[in-house]
1. Would you look at the GNM of chain A, springs on alpha carbons closer than 10 Å, and say which of A:35, A:79, A:104 moves the most?
2. Report, in whole Å, the centroid distance computed from the Cα atoms of segment B:100-134 and segment A:41-118.
3. For the residues B:83, B:43, what sequence is obtained by ranking on other C-beta atoms within 10 Å, fewest first?
4. Mind running the shape call on segment B:43-118? Use the C-alpha gyration tensor, a ≥ b ≥ c as the square roots of the eigenvalues: rounded below 1.5 for a/c, prolate if a/b tops b/c, oblate otherwise.
5. When the gyration tensor of chain A is built from Cα positions, what are the square roots of 5 times its three eigenvalues, in whole Å, from largest to smallest?
6. Arrange A:58, A:50 by Cβ neighbour counts within 10 Å, fewest through most, would you?
7. Given R₀ = 25 Å, FRET efficiency for residue A:120-residue A:14 by Cβ-Cβ distance, to 0.05?
8. Does the protein assembly as shown classify as rounded, prolate or oblate by the C-alpha gyration tensor (a ≥ b ≥ c root eigenvalues; a/c under 1.5 gives rounded; else a/b over b/c gives prolate, otherwise oblate)?
């Protein structure tokens with residue numbers, strides 16, 4: 001099952017790369033970069049995913065949260081790896097700041113040139 | 001009422017923005033015992049602010065929160081987080097969980113985990129104010145546009 005999601009993450013990455021390379025609209029380029037960002041986040045979370053053996057059969061791992069009356073050893077035997085998830089949280093925050101910066105730059109370009117088309121944003125103006 | 005969207009959007013936003021804000025605070029309050037946390041709750045709380053700005057327009061939204069208020073709460077959240085970290089020196093060192101040294105609480109209950117709950121609330125304030133301020137600043141750009149009225153929006157379709 002997780003192989004399919006790896007392929008999905010790669011497909012999202014390729015779609016974002018296509019949008020960044022082939023599109024001329026700045027908003028679409030920003031969306032493409034965000035798609036690549038989220039594809040990488042998805043792949044990093046998948047690295048920490050694992051299947052566990054519970055009651056004799058293989059099941060998907062539980063979220064790494066300590067429930068009531070559960071020892072840490074019991075949790076460690078059943079949960080997925082929390083480290084990539086913590087790292088992805090940082091990555092999401094950085095992506096958020098990057099988005100705000102890119103959108104602000106795009107708005108400034110639109111004010112200056114009156115268009116989002118990168119073909120028309122060429123000459124110095126104003 | 002020239003600014004903002006249609007009355008349908010305005011009434012819907014009026015109805016649900018409070019629930020979105022309460023849900024964001026709930027996510028931050030239970031961040032140490034369930035999925036979520038200060039950042040996720042702050043983003044949801046800021047989403048309620050974004051909804052208000054989009055539905056009612058910038059000038060109506062500024063009656064609820066202004067950019068200077070957002071700056072103030074943004075800085076206050078960071079400062080409070082630092083204060084919580086420095087209070088750890090009372091029981092040993094930087095970021096030491098001083099509340100857990102007094103009473104640990106019971107795993108799975110709301111008042112457990114010591115300073116993690118307080119830190120989550122500080123992060124909630126910081127993230128919500130920062131995001132709402134950033135969105136207000138971005139929405140200000142369009143109003144200052146020199147000739148925003150006669151600009152034809154052209155999608156840059158590759159032809």
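Readers should treat all values here as calculations from the given coordinates under stated rules, not as data from a laboratory. Worth saying up front: this structure is predicted, and the values here are computed from it rather than measured. Please note: Cβ atoms are built from the backbone with ideal geometry, for glycine as well, and neighbour counts cover all protein chains shown.
1. A:104
2. 20
3. B:83, B:43
4. Oblate is the answer for segment B:43-118, as a/c is 1.5 or above yet b/c matches or exceeds a/b.
5. 43, 17, 7
6. If I rank by nearby Cβ atoms, fewest first, I get A:58, A:50.
7. On the way: r = 28 Å, r/R0 = 1.11.
My answer for the efficiency is 0.35.
8. oblate
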